[in-house]
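Just so you know, all these numbers are worked out from the coordinates, no wet-lab data involved. Predicted model only: the values in this text are computed from it and were never measured. Here the Cβ positions follow ideal geometry from the backbone for every residue, glycine too, while neighbour counts run over all protein chains shown.
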Amino acid sequence: MGFFDFLLWMLWIYLVVICIWIFVWIFIDIFRDHTLNGWAKALWIIFLVVLPFLGAIIYLIARGGSMAQRQARDAQAAAQANADYIRSVAGTPTSSPAGEIERAQGRLSSGAITQSEFDALKTKALAG
């Protein structure tokens with residue numbers, strides 16, 4: 001086996017891996033798409049199994065644009081969920097002394113703390 005035979009085998013292996021990746025990505029997109037009903041999903045799957053390359057090309061032409069939109073929407077939703085989770089875990093940042101005194105005043109008004117605890121919180125907030 002010569003060097004060019006080796007390169008040809010590498011090319012074929014690369015093409016097979018790419019084809020498998022495309023088929024897997026199309027199958028994932030078919031099952032994630034909420035606009036397709038069950039029969040349409042079944043027909044696409046049958047079409048991809050019977051005529052895989054033709055089915056993949058037709059799917060990418062017919063539904064490729066919406067495939068990208070669904071992927072972008074899912075990525076945006078995941079980023080938003082991640083940001084919401086980080087905000088919920090991080091809590092409220094340390095605010096100005098006036099904000100801390102205002103929160104302490106609210107707790108005093110609700111009866112959660114006593115006047116002496118309010119005075120201690122106020123002194124602590126003004127001290128920095």
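Assorted remarks:
- Measure of compaction for the chain (Cα Rg per 2.2 N^0.38 Å): 2.14
- Centroid-to-centroid separation of region 18-44 and region 95-117 [C-alpha atoms, Å]: 57
- Karplus-derived HN-Hα couplings along region 100-117 (A = 6.51, B = -1.76, C = 1.60, θ = phi - 60°), whole Hz, x at Gly and Pro: 5, 5, 5, 5, 5, 5, x, 5, 5, 5, 7, x, 6, 10, 8, 5, 5, 5
- Counting Lys and Arg as +1 and Asp and Glu as -1 over every other residue whose Cβ lies under 14 Å from the Cβ of Gln71, the net charge comes to +1.
- Estimated FRET transfer efficiency (Ile58, Ala83; beta-carbon r; R0 30 Å; 0.05): 0.20
- Summing Cβ point charges (Lys, Arg +1; Asp, Glu -1) relative to the Cα centre of region 3-91 gives a dipole of roughly 260 debye.
- Value of relative contact order over region 5-128, rounded to a whole percent, pairs C-alpha under 8 Å and six or more apart: 15
- Most mobile listed residue (Ala72, Ala98, Ala83) in the chain, GNM with C-alpha springs under 10 Å: Ala98
- Crossing angle, helix 38-50 versus the chain [Cα axis fit, 0-90 degrees, rounded to tens]: 40
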